[in-house]
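After the C-alpha cells below, expect a handful of questions from me.
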Amino acid sequence: MNTGVIYTETVVHAAPAEFVADAPYQLAIVSLDSGGRLTARIAGERVKIGDKVALVETRDGVEYFRKQ
Amino acid sequence: MGIGKTAFGAFPDRTLRSLAVEAGEKCMQDAGVSPSQIEAFYLGNFAGPAFVGQNHLAPYIAGSLGLTGVPCTRFEAACASGGSAFFHAVSSVAAGLNDIVLVAGVEKMTSQATPKVTEILAGAGDMAGEGRAGATFPALFAMIARRHMHQYGTTREQLAAVAVKNHSNGAKNPLAHMRKVITMEQALAGKMISEPLTVFDCSLISDGAAAVVIVPLERASEFTDQPVRILGIAQTSDYVALDAKADITTFWAVHEAAEKAYKMAHVSARDIEFAEVHDCFTIAEIIATEDLGFIKKGEGGWYALEGRTCLRAERPINASGGLKAKGHPVGATGVGQICDVALQIRGEAGELQLDRHSLGLAQNLGGSGATAVVTVLGGI
C-alpha cells in the first residue's frame, strides 16, 4: 500500500476553485505494489511513467507520494 | 424527424430556459409538429442546478414550450446527458410507448467563472477519489494522453492535428462557438492547462441547446419526405473513476456501444461514411477513432496527423468542427451531434456538406468514459 509505480501523470496548471492556490501541482495514478491503483498527489521532484514512488504522507484525505 | 439548434457560444444575456426553448421551437417547426402532438419530453442536462441554480428542469422548460401534461424528465450522464436522453427517447418510441417525442439538450455554463466551471465539471468524476486529489477534467484526459503517448508513441503534433482540423471545419460552421482557423504552431504553443494538454487541446465552455423530434418510421412520411433513420443505437457504462479501469487508453464503453449499434444497424465500422465524435479533448477524438473501429488500436494519432479524418478525406471526423470548435455546452452536445449528422444526411450542411453522407455515426462520451452512447443514422 505504501509503494508503487507511476502508471500515468500530469501537472495541473488550471485548477478547480478549491485548489487554485496549489497550482501547478503534479497528479498521478500509482500502480500499487500491493495491487490496484490510486489517484494521488506527487510531493517534491516531478515523476514520469515507470518511476518508483513511496507514500510520504496523507493530508486532508489525499495521499502524497515521492520519487524513490 | 425534426432538428433544431441554437448557436453555441458565450451568451451573457440568454437564460438556460430561453436557449432550450429556442432549440425546441426550431425543432418542432422543422418537423411540422405542434406542441399538442408531443407525447413525451426528454431533456439532457448535466449541471443546470450548479450552473444556474435551477432544478426540476424538464417541466420548467416544457411549460415554456407549450408542453404540459406529458411526462417530462431530465437525464444526467455528465457529458453524455444529451445522448442518454436521446437513447431513452428512442427506446420509448421503439417500445411503442410513445409515437411523437421531443428530445432537447441544454447547458448554460458561462455565467460562472472558469475555476468554478472546472469544479462543477470535476463532479462528473469520482469526487471522493480523483476529485479530492485535485483532478480536473483536463487532468484526467491529460493522464489518458500521457499513457497513450507512452504505450503507442502518440505525439503532441498528432494531438494538435485534431485541433487544427476541427478549427478549420468549425470556421465554416455558422453555429460554431469559435469560427477561427488555427495553425499547428499556435496549437502547440497554447497556454498549458494540464500537461501535455494546452488550451487548444480542450473543448470550449459554452452555452447552447439542441433538439430533435423522433417518430416511428411508419409515421415519418406524415412529417417529412426526407426522414433520417435511426439504424442502430446503444448506451453502455463503465467505472466512473479512471484509476478503476484496467486500460485507460481505450474507452471500453464506447467500444461496446459501437459493437451493439453496428449489430443493430447491420453494418460494420468500415461502412460508416462520416462521424461526429466526442472530442472533449484532442486525445478523446484519437481514442474514439480507435474504439469505433475506424483504425487499429494505437494508430489514431497517425490517422489524424496524416489527414485521414479531414473534410475531404475517406471518412471525415467532426465535419461540424466538433466540441473543440463548435463548443461543448455539456448537456446539449449529444443531441447536437445527432442534429449535425442528420443535417449531413439531408444534404443541408452547406459549405461543410460531405460527398458521401448516407451513413453517419454519432458518439457521445460521459465523464472519462463511464457513459457512452453510439448512434448510427442513415437516409431512407
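What is the set of long-range amide H partners of B:A209 at a cut-off below 5 Å, with H atoms built 1.01 Å from backbone N?
Amide H neighbours of B:A209, under 5 Å, 5+ apart: B:T6.
Can you pull the mean other chain C-beta count within 10 Å for peptide B:189-197? Walk me through the intermediate numbers first.
Working: counts 0, 0, 2, 5, 4, 9, 8, 2, 3.
Whole-number average of other-chain Cβ neighbours for B:189-197 is 4.
Could you size up the charge dipole of segment A:3-67 around its Cα centre, putting +1 on the beta carbon of Lys and Arg and -1 on that of Asp and Glu, and report it in debye to the nearest 20? Don't jump to the answer; show the numbers that get you there.
Working: 8 positive and 9 negative charges, 45 e Å.
With Lys and Arg at +1 and Asp and Glu at -1, about 220 debye.
Between B:G4, A:Y25, A:T39, whose Cα lies farthest towards the positive end of the dipole of the protein assembly as shown when Lys and Arg beta carbons carry +1 and Asp and Glu beta carbons carry -1, centred on the Cα centre?
A:Y25
Would you mind calculating the relative contact order of segment B:320-380 from Cα pairs under 8 angstrom and at least 6 residues apart, reporting the percent as a whole number? List each step's numbers first, then the result.
Numbers: 57 pairs, mean separation 17.3, N = 61.
For segment B:320-380, the relative contact order is 28 percent.
When chain B is modelled as a GNM with alpha-carbon springs shorter than 10 Å, which of B:F223, B:F200, B:F251 fluctuates the most?
Highest fluctuation of the listed residues: B:F223.
Then there is this: Could you check what % of the DSSP bridge pairs in the protein assembly as shown are antiparallel, to the nearest 5? Could the numbers behind the result be given before it?
On the way: 55 of 71 bridges.
Antiparallel bridges make up about 75 percent of those DSSP assigns within the protein assembly as shown.
Which distance in Å, rounded to a whole number, links the C-alpha centroids of segment B:77-96 and segment A:35-56?
So the two Cα centres are separated by 40 Å.
Still on this structure: If I take every Cα pair under 8 Å that is 6 or more residues apart in segment A:3-67, average their sequence separation and divide by the length, what percent do I get for the relative contact order?
Details: 140 pairs, mean separation 21.8, N = 65.
Relative contact order comes out at 33 percent.
Grab the Cα-Cα distance for B:E157 and B:D13, subtract it from 0.36 nm times how many residues apart they are, and report the gain in nm with one decimal.
Details: separation 144, 0.36 × 144 = 51.84 nm, distance 3.79 nm.
So the chain would gain 48.0 nm between B:E157 and B:D13.
Go through B:116-126, B:367-377, B:261-271, B:150-160 and give me the packing order, highest mean Cβ count within 10 Å leading.
Working: B:116-126: 21.5, B:367-377: 28.1, B:261-271: 16.0, B:150-160: 18.8.
Ranking, from highest mean packing down: B:367-377, B:116-126, B:150-160, B:261-271.
Hey, if you put +1 on the Cβ of every Lys and Arg and -1 on every Asp and Glu Cβ in the protein assembly as shown, which of B:N318, B:M109, A:V5 ends up farthest toward the positive end of that dipole?
Final value for the positive-end residue is A:V5.
Under the definition of Cα pairs under 8 Å and six or more residues apart, what whole-number percent is the relative contact order of chain B?
Numbers: 930 pairs, mean separation 98.1, N = 380.
RCO, chain B: 26 percent.
Another one. Which of B:D340, B:D238 comes first, and how do the rest follow, when ranked by fewest Cβ neighbours within 10 Å?
On the way: B:D340 26, B:D238 20.
Final ranking by Cβ density, sparse to dense: B:D238, B:D340.
May I ask you to evaluate 6.51 cos²θ - 1.76 cosθ + 1.60, the Karplus curve with θ = phi - 60°, for each residue of segment B:247-260 and list the ³J(HN,Hα) values in order in whole Hz, giving x for glycine and proline?
Once θ is set to phi - 60°, the couplings for segment B:247-260 become 9, 8, 8, 9, 9, 4, 4, 5, 4, 5, 4, 5, 4, 5 Hz.
Okay, next question. Fewest to most neighbouring Cβ within 10 Å: what's the order for B:S36, B:S320? Walk me through the numbers before you get to the answer.
Numbers: B:S36 10, B:S320 25.
Least crowded to most crowded, the residues run B:S36, B:S320.
Return the sequence-ordered ³J(HN,Hα) values of segment B:2-7 in whole Hz as given by the Karplus equation 6.51 cos²θ - 1.76 cosθ + 1.60 applied to θ = phi - 60°, using x for Gly and Pro.
x, 9, x, 9, 8, 5
Would you order B:C79, B:C72 from fewest to most other beta-carbon atoms within 10 Å of each residue's own beta-carbon? Spell out each step's value before the answer.
Working: B:C79 28, B:C72 22.
Sorted ascending by nearby Cβ count, the order is B:C72, B:C79.
Tell me which residues come under 5 Å, amide H to amide H, from B:H177 once H is placed; ignore anything under 5 positions away on its chain.
B:F8, B:K326, B:G327
Whole-Hz ³J(HN,Hα) for each residue in segment A:39-44, computed from phi via Karplus 6.51 cos²θ - 1.76 cosθ + 1.60 with θ = phi - 60°, x for glycine and proline: what do you get?
For segment A:39-44, the Karplus-derived couplings read 8, 9, 8, 9, 9, x Hz, x marking Gly and Pro.
The numbers here are math on the coordinates, done by the rules we state, and not lab data. All values reported here derive from a predicted model rather than from experimental measurement. Heads up, the Cβs are rebuilt from the backbone with ideal geometry, glycines too, and the neighbour counts pull from every protein chain shown.
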